[in-house]
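I have a structure here, written as structure tokens, and I will follow up with some questions on it.
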């Protein structure tokens with residue numbers, strides 16, 4: 001059993017304190033997974049929910065306000 005090495009990026013250990021300028025990000029989004037969009041509960045419209053299980057591409061959520069269970073589907077990168 002072995003792990004896999006991640007591609008090393010410049011300053012990946014954050015040895016230099018780099019301050020991003022306005023509108024600039026330190027990490028490129030395509031390097032680290034998928035875009036995240038806050039979900040709203042289909043029952044009450046609250047954003048106060050949590051993911052309790054993942055079987056990709058489907059994620060299962062529960063609303064912390066009304067208790068409704070719902071699911072979301074992760075889209076492929078285009």
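Laboratory data are not the source of any read-out in this text; all were calculated from the coordinates shown. The structure presented is a predicted model; accordingly, all values stated were derived computationally and were not measured. We place every Cβ from the backbone using ideal geometry, glycine too, and count neighbours over all the protein chains shown.
Quote to one decimal, in nm, the extra length available between residue 52 and residue 75 on full extension: 0.36 nm per residue of separation minus the C-alpha distance between them. Numbers along the way, then the final one.
Values: separation 23, 0.36 × 23 = 8.28 nm, distance 1.88 nm.
Here the segment from residue 52 to residue 75 would lengthen by 6.4 nm.
Using Cβ contacts closer than 10 Å as the measure, can you line up 52, 60, 37 from fewest to most?
Neighbour counts put them in this order, fewest first: 37, 52, 60.
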